[in-house]
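The structure under discussion appears below in the form of structure tokens.
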Amino acid sequence: SLRSVNLEFARTKRADMSYADLTAANFEATKAYKGIFVGAKIINANFSEAKFYNANFANARMEGTKITFAIFQGAFMEGCVGCPHNW
């Protein structure tokens with residue numbers, strides 16, 4: 001469980017958060033290059049201005065998450081419920 005974790009301005013590479021509970025997590029302005037969020041529960045999180053280049057959100061669930069100015073370039077989102085598939 002990473003509920004309410006504060007990763008604001010964090011820089012990660014290949015961080016594996018598969019199946020993590022990221023409810024109310026703060027990823028504001030985070031750079032998560034090739035992050036792995038497979039099956040993660042992303043509820044009411046803050047992804048504002050975060051960069052998720054080539055991240056994997058397969059089968060994740062995203063609800064109520066703030067994604068203002070977030071970048072999901074090259075992100076894999078197959079099976080993700082609520083993910084911004086039009087990126």
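The values are calculated or read from the model by the stated rules, or taken from the named source; none is laboratory data. Remember, it's a predicted structure, so these values are computed and weren't measured experimentally. We place every Cβ from the backbone using ideal geometry, glycine too, and count neighbours over all the protein chains shown.
Please determine whether any residue of region 2-14 is under 11 Å from the mean Cα position of the chain (by Cα) and of a type in the set (V, I, T).
Among the residues of region 2-14, not one is under 11 Å from the mean Cα position of the chain (by Cα) and of a type in the set (V, I, T), which makes the answer no.
As an exercise: evaluate E28 against (1) farther than 21 Å from S1 by Cβ; (2) at pLDDT 95 or above and give the number of the one condition it does not meet.
(1)
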